[in-house]
1. Treat each spin label as a single point 7 Å out from the Cα along the C-beta direction, and report the Arg57 to Glu101 distance in nm.
2. Label point 7 Å out from Thr108 along Cα-to-Cβ: which residues of the range 157-174 have amide N under 14 Å?
3. Using a Förster distance of 22 Å, how high is the FRET efficiency between Glu44 and Tyr132, based on the Cβ-Cβ distance and rounded to 0.05?
4. Accessible area per residue, 1.4 Å probe, Å², for the range 102-142: what's the number?
5. Report, by chain and number, residues whose modeled amide H sits under 5 Å from the one on His61, excluding near sequence neighbours (fewer than 5 apart, same chain).
6. Compute the distance in nm between two label points, each set 7 Å from the Cα along the Cα-to-Cβ direction, one at Thr67 and one at Ser146.
7. Residue by residue through the range 168-183, what is 3J(HN,Hα) from phi via Karplus (6.51 cos²θ - 1.76 cosθ + 1.60, θ = phi - 60°)? Round to whole Hz and write x for glycine and proline.
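The values are calculated or read from the model by the stated rules, or taken from the named source; none is laboratory data. Just so it is clear, the structure is predicted and the values come from calculations on it, not from any experiment. Cβ placement follows ideal geometry from the backbone for every residue including glycine, while neighbour counts extend to all protein chains displayed. With ligands, DNA and RNA removed, areas are computed over all heavy atoms of the protein, side chains included. Shrake-Rupley method; radii C 1.70, N 1.55, O 1.52, S 1.80 Å.
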Amino acid sequence: MSNTARANILARLKETPPQPSHTSYSSPDKGRLGGVSYAWDTAERVRRFTERMVAVRAEVHHATPETWLDVVSQVCAAKGLSNLLVSPETVLGKQIHAQAERFPALKTYDQPIESWKQELFYGIDAAFTGTYGGIAETGTLIVMPSIDEPRLMSLVPPVHIALLEVDKLYTTFAEAVQVQGWVQAGMPTNALLISGPSKSADIEQTLAYGVHGPKELVVVLV
């Protein structure tokens, strides 16, 4: 490309008027994170998140802090689950284990994967995990695997039941990154973004669900 052509292109770009349909913002420290901010209230975030999740064949059940255990129990019964993998160490997991009689047989991930790979891959019906937040713009869950809730809990069982608190439902990914302080503290290496059940279009470019992960994603929005 000649210098004249390059200069003409740059000149045209500079002449293009900005399109401020949204309010732009960037990372407060180094300005590395750009994004847009929408004026969505809580109800709008919930509506859009639900709409986008349902569009990719996920289920969204609305609950309150007093009823979410009922909702999870009802989901297990409706799907005919014979067992549920849930951590007894997390805040939410402790509440489920405290009322174990309301749920199918509870399983725990308390041993190295090599010791129970066969059961995990072929004997677990569903897993329950918490989340670190959600993104309304894209219909996405933010999950942080840990020693209490290893990555395979949200990857292997056919059904993944996840609880998302509404006050952790962000409008955009950029907002989630800023509010949770990922830029300042360093981007977490274990963060997972989940948008619906697993899917792939590798085979003849035909979209198929449940190919390499959970066939069903159930979100309990509290």
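1. Going by the 7 Å Cα→Cβ label model, 3.8 nm.
2. Within reach of a label on Thr108, which here means backbone N under 14 Å from a point 7 Å along Cα→Cβ, the range 157-174 contributes nothing.
3. After rounding, the FRET efficiency stands at 0.55.
4. On a per-residue basis, the range 102-142 sits at 46 Å².
5. Residues meeting the amide H criterion: Val219, Val220, Leu221.
6. Result: 2.8 nm between the two label points.
7. Listing the rounded values in order: 10, 8, 8, 6, 10, 5, 4, 5, 4, 4, 5, 5, 7, x, 5, 5 Hz.
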